[in-house]
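A.B. asks: If you scroll down you'll find the structure; I have some questions about it.
The values are calculated or read from the model by the stated rules, or taken from the named source; none is laboratory data. All values reported here derive from a predicted model rather than from experimental measurement. Heads up, the Cβs are rebuilt from the backbone with ideal geometry, glycines too, and the neighbour counts pull from every protein chain shown.
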Amino acid sequence: MARKKDPLSGRDREIWRKVTESVTPLGGRPEAPELPPRPRVRVADEPRSLPMEWHTRPAAQPSARIDRRMQRQIATGRQEVDRSIDLHGMTQDRAFAKLQHTIEGAIRRGDKTLLVVTGKGGKRFSQLDATPAAYRTRGDFDQHGGVLRRMVPLWLEGPELKPFIQSYGTASAEHGGDGALYVILRRRLPGSRRKP
């Protein structure tokens, strides 16, 4: 077995010997007590995963209308909005990921209502027409709102979020009107009487 080469040269050893000769022990000083082991810290917001039944059980299609009584209670403040999320200015991928994370977190906490702000979006004009654009007037174009405004209802009814959603609908003017949605979350596993 090869012996490791000494990293100190002869000169370095001589310097170290002189340094150690000049040092005097403190003496009479008690040994430092041994430190107690540090307790393990658990992060409070550590996400727990939802039971797999939320994703595997067949779920009813969410209603695209909130009943009038519930909508009036939310609008007047008698029913609190438990959580709100603002998706303004996000890409579709980022907005979907944030929406999914927020909804799953709200289910874990036992929240009932969620306010999703999509924004109204700017006007977009469809170019899919047989008549060349140069011969059309502005009134001939189909006007479309924002992408997120159109996509969020589709996501709520999609397979990833459908199990968590009972119903959704346009928010009142005080909460953003056409640029926001009230989302009513399920309180129980789909097809079950058991709360999460």
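A.B. asks: Going by the structure shown, is Glu53 closer than 19 Å to Gly110 by Cβ and modelled with pLDDT of 75 or more?
C.D. replies: Details: closer than 19 Å to Gly110 by Cβ: yes; modelled with pLDDT of 75 or more: no.
Answer is no for this residue.
A.B. asks: For the condition modelled with pLDDT of 85 or more, closer than 30 Å to Ala60 by Cβ and touching a Ser or Thr at 6+ places or on another chain (Cβ under 8 Å), what is the one hit in Leu87, Leu154, Leu148, Leu99? Even if it seems obvious, please write down each step before you answer.
C.D. replies: Details: Leu154 fails: touching a Ser or Thr at 6+ places or on another chain (Cβ under 8 Å); Leu148 fails: modelled with pLDDT of 85 or more; Leu99 fails: touching a Ser or Thr at 6+ places or on another chain (Cβ under 8 Å).
Result: Leu87 is the single residue among Leu87, Leu154, Leu148, Leu99 that is modelled with pLDDT of 85 or more, closer than 30 Å to Ala60 by Cβ and touching a Ser or Thr at 6+ places or on another chain (Cβ under 8 Å).
A.B. asks: Can you name the condition, by its number, that Thr137 falls short on among (1) at pLDDT below 75; (2) surrounded by 11 or more Cβ atoms within 10 Å (Cβ to Cβ)?
C.D. replies: Thr137 satisfies all of (1) at pLDDT below 75; (2) surrounded by 11 or more Cβ atoms within 10 Å (Cβ to Cβ) except (2).
A.B. asks: Same structure, new question: Just for the stretch 56-81: of the residues that are charged (D, E, K, R) and closer than 21 Å to His101 by Cα, which one is modelled with the lowest pLDDT? Explain how you work it out, then say what you get.
C.D. replies: If we filter the stretch 56-81 for residues that are charged (D, E, K, R), which is where we start, we get 57, 65, 67-69, 72, 78, 80.
Checking which are closer than 21 Å to His101 by Cα leaves us with 57, 80.
Numbers: Arg57: 67, Glu80: 84.
Applying the filter and picking the extreme gives Arg57.
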